[in-house]
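Undergrad: The following block contains the structure, expressed as structure tokens.
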Amino acid sequence: MNELMLKLDCHFTDEDREKSKLIVDKIINLAGRIRQVGLISAIEHRLELEKNDFLKIAINLICDGTEEAAAKEILVNIILTGGYSGSELLSRLIIIEGIMAIYCGENPRQIEIKLLSMLGEKYVAEKLFEAK
């Protein structure tokens with residue numbers, strides 16, 4: 001995903017990062033639920049309620065068994081043709097990274113750190129060094 005961010009010459013404001021943090025939280029909740037009850041059980045009712053079409057597309061791709069590379073290509077193509085910027089772009093990049101991590105079976109905590117790293121050092125440090 002770093003290559004795509006460089007290719008798109010991404011620059012995000014603090015406001016973009018704060019808005020996009022909501023999608024990180026949503027993906028982490030989904031990853032945890034999938035780990036507990038399995039993919040289909042975790043999403044069967046969620047898709048109907050989800051308002052983010054890009055996230056719904058990404059989830060559908062993995063539910064349909066689309067190979068990881070093909071799913072990522074489809075999602076990147078949507079971004080490249082969409083003309084997104086700011087938090088819209090950052091949120092979509094986070095969705096791709098998060099859904100691909102879920103697809104690969106990564107641990108939800110690892111996914112969270114990975115996605116927070118896309119927001120910046122501050123967000124990773126807050127998570128790693130938060131009071132326990």
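The values are calculated or read from the model by the stated rules, or taken from the named source; none is laboratory data. All values reported here derive from a predicted model rather than from experimental measurement. We place every Cβ from the backbone using ideal geometry, glycine too, and count neighbours over all the protein chains shown.
Undergrad: Hey, does region 25-40 have a residue that's modelled with pLDDT of 90 or more and loosely packed, with under 15 Cβ neighbours inside 10 Å?
TA: Looking through region 25-40, at least one residue is modelled with pLDDT of 90 or more and loosely packed, with under 15 Cβ neighbours inside 10 Å.
Undergrad: Testing ALA101 on (1) touching a residue at least 24 places away in the same chain (Cβ under 8 Å); (2) buried (at least 19 other Cβ atoms within 10 Å of the Cβ); (3) more than 29 Å from GLU130 (Cα to Cα), one condition comes back false. Which one is that?
TA: (3)
Undergrad: Please work out which residue is surrounded by the fewest Cβ atoms within 10 Å (Cβ to Cβ), limiting yourself to region 71-86 and to residues that are of a type in the set (Ser, Thr, Tyr) and assigned to a loop (DSSP other than H, G, I, E, B).
TA: Selected residue: SER85.
Undergrad: Please specify each residue of region 36-55 satisfying the condition of being assigned to a loop (DSSP other than H, G, I, E, B) and either touching a residue at least 12 places away in the same chain (Cβ under 8 Å) or in contact with a Ser or Thr (Cβ under 8 Å, 6 or more places away or on another chain) (or both).
TA: ASN52, the sole residue that qualifies.
Undergrad: Yes or no: GLU68 at pLDDT below 95, over 26 Å from PHE129 (Cβ atoms), surrounded by 12 or more Cβ atoms within 10 Å (Cβ to Cβ) and charged (D, E, K, R)? Before you say what the answer is, go through the steps one by one.
TA: Working: at pLDDT below 95: yes; over 26 Å from PHE129 (Cβ atoms): yes; surrounded by 12 or more Cβ atoms within 10 Å (Cβ to Cβ): yes; charged (D, E, K, R): yes.
Yes, satisfied.
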